[in-house]
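Here's the structure we're looking at; comments come further down.
Each reported figure results from applying straightforward, stated rules to the coordinates on display, with no laboratory input. No experiment lies behind these values; they were computed from the predicted model shown. Because the Cβ atoms are built from the backbone with ideal geometry, glycine has one as well, and the counts that use them run over all protein chains shown.
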Amino acid sequence: MGKKENGTPDHNEDTFKDMNLGNKDSKNDLEKEVTPDEVNSDTSMKKDQEEGVKTGQPGGENISPIQQIAELNEEIASLNDRLLRKQADFENFRKRLYREKDESVKYANQMLLLDITGVIDDFERAIKSSEESKDFEVFHNGIVMIEKQLVSILEKKWELKRYDSVGEVFNPEKHLAIAVEESSEYEVSTVLEDYQKGYLFHERVLRPAKVKVSQPIAKEDTTTDNNNQESDNDKE
């Protein structure tokens, strides 16, 4: 029963033949040399697939170098255009800023001059009134009132204050000494007379006052004079 008829191939023998053929093919595959081009081709295919996945390309497809260069050139052109626009905007802003600054400096004294024109109107009215009445006292009183009005406007609206210096200790920042007088009344240099009043602008000295200052007499000189007088008396 275990034997088969002659001429009928045995299934076991066919199986062994297929196995032997498979072994030969695998052996040939192992013995077959792999060229560097094939290795590079496999590596590049894997790399392209990975880059395609990273860049989000469908199916892992990679962008061609020409397309990449075109996209980069387009991005560079867009950035250059934005840069030029920013530079133009900044240049226009700088010119506008300088123009506004020049205008603000040019017309900074507009309100001050407007206040002064009102004082000039008062002077004109006072002159016209004096020509008609020929009254010196009225004219004098009008001038005094105008002067007070002008000083009040400058002080209240423009922080320009006039200060008196008589009796103050001499201060080089506030006083300009144009005359000196020796005096034994003051131990330190003191303003004796105010020739021209000084002005403060926002608490800063705008114009120092021109004054006459006392110069204290040195004590040594006084002692020497007393000794000389005593010696003269002794001689007599």
* Asked: In sequence order, what are the phi-derived ³J(HN,Hα) couplings for segment 101-108 according to the Karplus relation 6.51 cos²θ - 1.76 cosθ + 1.60 with θ = phi - 60°, rounded to whole Hz, with x for glycine and proline?
  -> 5, 4, 5, 5, 5, 5, 10, 5
* Label zone at Phe139 (point 7 Å along Cα-to-Cβ), backbone N below 16 Å, segment 88-128 -> 123-128
* Long-range amide H contacts for Glu193: which residues qualify at under 5 Å (H placed 1.01 Å from N, peptide plane, sequence gap of 5 or more or a different chain)? -> Lys212
* **Calculated from backbone phi, Karplus (6.51, -1.76, 1.60) coupling profile of segment 185-194 in Hz, x at Gly/Pro** => 7, 10, 7, 10, 5, 10, 6, 9, 8, 10
* Structure fact -> tail above 27 Å in the computed P(r) of segment 64-196, as % of all Cα-Cα pairs, reads 64
* Asked: How about segment 99-173: which trypsin sites (Lys or Arg not before Pro) there are in a DSSP loop, with at most 15 other Cβ atoms within 10 Å of their Cβ?
  -> Lys134
* Asked: From the phi of every residue in segment 75-82, what ³J(HN,Hα) in whole Hz does the Karplus formula 6.51 cos²θ - 1.76 cosθ + 1.60 yield, where θ is phi - 60° and glycine or proline is x?
  -> 5, 4, 4, 5, 5, 4, 5, 5
* Which residues' amide hydrogens lie under 5 Å from the amide hydrogen of Val180, considering only partners 5 or more residues apart or on another chain, with H built in the peptide plane? -> Val213
